[in-house]
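The values are calculated or read from the model by the stated rules, or taken from the named source; none is laboratory data. The structure displayed is predicted, hence computed values, not measured ones. Cβ placement follows ideal geometry from the backbone for every residue including glycine, while neighbour counts extend to all protein chains displayed. Just so you know, the surface numbers come from the protein's heavy atoms only, side chains and all, with ligands and any DNA or RNA stripped out. Shrake-Rupley method; radii C 1.70, N 1.55, O 1.52, S 1.80 Å.
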Amino acid sequence: MVKVIKSTDELILLRASERRSVGFVPTMGNLHAGHISLLQEALTSSELVYFSIFVNPKQFGPSEDFSRYPRTLEDDIRLIQECLTKFPGKDIVVYAPQDPKEVFPPVFNTAFSVQGLSTDLEGELRPGHFDGVATVVWRLFDLVKPAKAWFGLKDYQQYLVIRQMVRDLALPIEIIGMPIVRESSGLALSSRNQYLSREEKDRSLILFHTLTEMRDLLAGKKEKLPELKTYIQKKLQDKNWNYLELRDAETFSKDLSQSKKVTILAVYQLGTTRLLDNTQMEIA
Ligand code: AMP
């Protein structure tokens, strides 16, 4: 059964009466196959899944798209119901607060900040963004009290921020990172792709092509790193890259001398739309 709840008081009551262990998938809605892949995985391992749909004002900067972020609750619920038909006997609670005050009371002055990670790279370009993410995820974890929670590796730095917060606060929650779901063209699915014009969508393929070329160039060999760095320098002549960077996939360090696994993180900007993508590779 899918139960939709918009009130936090109702959520707290329902959760308190539940004895089964809970899996959790937090989202901002406008669902696509990427979100649904998280839900499927959660339903595979949990009898009961809480799925939140909340456009979190705290993670948007003043000039970002909070007010025009696509809100499509009815369609989202339809997709969730359709997904559940493949999991007979399981249940989903959709928590979809419509008013930010349901999640953050009018006076809510606490914020979580994962030092270092939150102000680096994506966090440097979007000051306060990861504090907003960490704060809402902590709040949702506290309400939902899940045993496991699923996040997309599409937002790789966000995944690391949440994983670190859970470690630091010793929260009894297993964090699972899920692979990026892509269109057949390679473009990573994102709710923001719909902002792209036809022509921008064609141009957006540079992102996946570049990551693929970089993977091929590196081919898992540490000795290829200098060549890869030269490749990046050349690419960055195109000013549409907000960044194209190599980091240690676990520590997020720029120093890769001890790395066993690296990540390439990229943001390519088309008009006002920033397209995020990344990939991880073992190296030796
Ligand atoms: P959002 O609604 O954009 O906040 O995303 C909710 C969750 O879905 C996050 O954990 C995202 O990383 C994940 N997600 C978004 N797009 C994708 C995708 N293309 N593939 C896999 N996971 C995704």
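Worth a mention:
- Cα-projected label distance for Ala33 with Ala147, points at 7 Å along beta-carbon direction, nm: 3.1
- Relative contact order computed over segment 133-184 (Cα-Cα under 8 Å; 6+ residues apart), in percent: 45
- Counting protein heavy atoms only, segment 176-284 has 50 percent of its accessible area on carbon and sulfur, 1.4 angstrom probe.
- Placing +1 on the Cβ of every Lys and Arg and -1 on the Cβ of every Asp and Glu, with no other charges, gives the chain a dipole of roughly 240 debye about its Cα centre.
- Normalised per residue, the volume of the convex hull around the Cα set of segment 42-96 (Å³): 89
- Just so you know, the Rg over Rh for the chain is 0.97, from Cα atoms, with Rh as the Kirkwood radius.
- Every helix of 4 or more DSSP H residues in the chain counts as -39500 (n - 2.57), and over all residues that averages to -10500 deg cm²/dmol at 222 nm.
- Span-rule helices in the chain, defined as complete DSSP H runs reaching 27 Å or more along the axis (Cα) with Kyte mean at least 0.0: none
- Here, P(r) means the percent of Cα pairs in each 5 Å bin from 0 to the largest distance; for segment 213-284 it is 3, 16, 27, 25, 16, 8, 3, 1.
- Two numbers describe the Cα atoms of segment 147-235: Rg and Dmax, which are 16.8, 47 Å.
- Gaussian network model of the chain, springs between alpha carbon atoms under 10 Å - residue of Lys145, Lys260, Lys234 with greatest fluctuation: Lys234
- For segment 212-264 versus segment 80-136, the gap between their alpha-carbon centres in whole angstrom: 29
- Anisotropy class of segment 125-166 from Cα gyration tensor, a/c 1.5 cut: oblate
- A Förster radius of 41 Å, combined with the Cβ-Cβ distance separating Val4 from Glu199, puts the computed FRET efficiency at roughly 0.60.
- Val93 long-range amide H proximity, modeled H, under 5 Å: Lys3, Val49, Tyr50, Phe51
- DSSP beta bridges in the chain [antiparallel fraction, %, rounded to 5]: 45
- Take every pair of alpha-carbon atoms less than 8 Å apart whose residues are at least six positions apart; their mean separation over the length of segment 204-284 yields a relative contact order of 30 percent.
- Along each principal axis, Cα extent of segment 115-272, largest first, Å: 45, 41, 29
- Subtracting the Cα-Cα distance of Ser184 and Arg215 from 0.36 nm times their residue separation leaves 9.3 nm of extension gain.
- FRET efficiency estimate (nearest 0.05) - Cβ-Cβ, Thr272 to Leu169, R0 30 angstrom: 0.30
- Take each peptide in 185-193, 220-228, count the other Cβ atoms within 10 Å of every residue, and average; sorted highest first, the result is 185-193, 220-228.
- Three principal axis extents of segment 73-141 based on alpha-carbon atoms, in descending order, are 43, 30, 21 Å.
- In nm, spacing of pseudo-spin labels at Thr85 and Thr230 (7 Å Cα→C-beta vector): 5.6
- Under 13 Å from the Thr110 label point (7 Å along Cα→beta-carbon), backbone N, segment 160-182: 169
- Out-of-range pairs (alpha-carbon distance over 25 Å; input Lys148/Lys260; Lys148/Lys221; Lys201/Lys239): Lys148/Lys260; Lys148/Lys221
- For segment 165-209, Kirkwood radius (reciprocal of mean inverse C-alpha pair distance, Å): 13.1
- Legend: translational diffusion of segment 94-180 by Stokes-Einstein, Rh = Kirkwood radius over C-alpha pairs, 25 °C, 0.890 mPa s; D = 179 µm²/s.
- Surface exposure of the chain, expressed per residue as accessible area with a 1.4 Å probe, stands at 48 Å².
- Whole-percent carbon and sulfur share, accessible surface of segment 1-112, 1.4 Å: 54
- Where N is the number of residues in segment 17-108, Cα Rg divided by 2.2 N^0.38 Å: 1.17
- If a spin label sat at a point 7 angstrom from the Cα of Leu14 along the line to its beta carbon, the backbone N atoms of segment 137-168 nearer than 14 Å would be those of 143-145.
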